[in-house]
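Undergrad: Sharing a structure, written as C-alpha cells. Questions coming.
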Amino acid sequence: MGLMERVLTMVFGGQSNVVRDTVEVFRENAEAGAVRNAHVQGQAMTQFGTEFMVERRGGFDRFMDGLNRLPRPALALGTLGLFVSAMVAPLWFSERMQGIALVPEPLWWLLGVIVSFYFGARHQVKAQEFQREITDTIIRVPQVLNNIQEIRKMAADSVAAADTGPDATLAATAVKSEGNAALEAWQRSRA
C-alpha cells in the first residue's frame, strides 16, 4: 500500500503533477488559455472604450457623416427609378440594360465586395453608437429613479403632501380662509 501511494503521489499529487506537466507540453492548458483570452479581450474593450469616449466631431466629420448617408437612399431611389423608367420608356431602359450586360463578371464581384464592406462598416459604426447611447442611458438610471421617488412624494395621497415645512408665510396662506361664493349666496338669500 505504501509503494502504490508513493507512486500515485509522484504521478498525480505532491507539488507537481507529472501527467499534467507532460500533457501541457503538447496541449495548452484550457483554463489558463481562457484567462489569457479574457485578459486580452478586456484590454481590447478598454482601448475601444477610450477611443470613442470623447466626442470630437468637427465640421469635416459632420460633412463626411452626411456624405456617408447618401448611398443607401441613392441606391433605393435609383432602383425605384429604374422600375419607373422601364414602364415609361422601355426602349431607353432596354438600351441601358444592354450596356450593363457588357460589364465583365469580375467587376460585378468587385462592386459586390465594395458595397458589402461599405454597408458592413456602416452597420458596425451604428451598432457602436447605439451601444454608447445605451450606456449613457443606463448611467442616468439612478438619477431617474431618484426623480421618480421625489415626484411620488409630491402626490396628494402621500403623507405630509401639504406640509408647508418651516415657511411661516406659506403656512399662514394655507390656513387663510377665502370666501365661499355658494355659502355667501345662500346667506344672502336667507336674509
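Rule-based calculations on the coordinates, nothing more; no lab input. What you see is a predicted model, and the numbers here were worked out from it, not measured in a lab. We place every Cβ from the backbone using ideal geometry, glycine too, and count neighbours over all the protein chains shown.
Undergrad: For region 60-67, just list the computed ³J(HN,Hα) in residue order, Karplus coefficients 6.51, -1.76 and 1.60, θ = phi - 60°, integers in Hz, with x standing in for Gly and Pro.
TA: These are the phi-based 3J(HN,Hα) values: 5, 4, 5, 4, 5, 4, x, 5 Hz.
Undergrad: Starting at the first residue of region 176-191, write each ³J(HN,Hα) from the Karplus equation 6.51 cos²θ - 1.76 cosθ + 1.60 with θ = phi - 60°, in whole Hz, x for Gly and Pro.
TA: Karplus-based 3J(HN,Hα) across region 176-191 equals 5, 7, 9, x, 10, 4, 5, 5, 5, 5, 5, 5, 5, 5, 8, 7 Hz.
Undergrad: Please give me the summed charge of the neighbours of Leu170: other residues whose Cβ is under 15 Å from its Cβ, Lys and Arg +1, Asp and Glu -1.
TA: Numbers: positive: Lys176; negative: Asp163, Asp167.
Every neighbour counted, the sum reads -1.
Undergrad: Tell me, what ³J(HN,Hα) does each residue in region 79-96 have, in order and in whole Hz, if you take phi through Karplus 6.51 cos²θ - 1.76 cosθ + 1.60 with θ = phi - 60° and put x for Gly and Pro?
TA: Computed from phi, the couplings for region 79-96 are 5, 4, x, 5, 4, 5, 5, 5, 7, 7, 10, x, 5, 4, 4, 4, 4, 5 Hz.
Undergrad: Let me ask something else about it. Translational D (Stokes-Einstein, µm²/s) of the chain at 37 °C and 0.692 mPa s when Rh comes from the Kirkwood sum over C-alpha pairs? Don't skip to the answer; put the middle values down first.
TA: Values: Rh = 28.0 Å.
Answer from the Stokes-Einstein relation: 117 µm²/s.
Undergrad: Now for a different question. Between Glu95 and Ala172, what is the spin-label point distance in nm, taking each point 7 Å from the Cα along the Cα→C-beta axis?
TA: 9.3 nm
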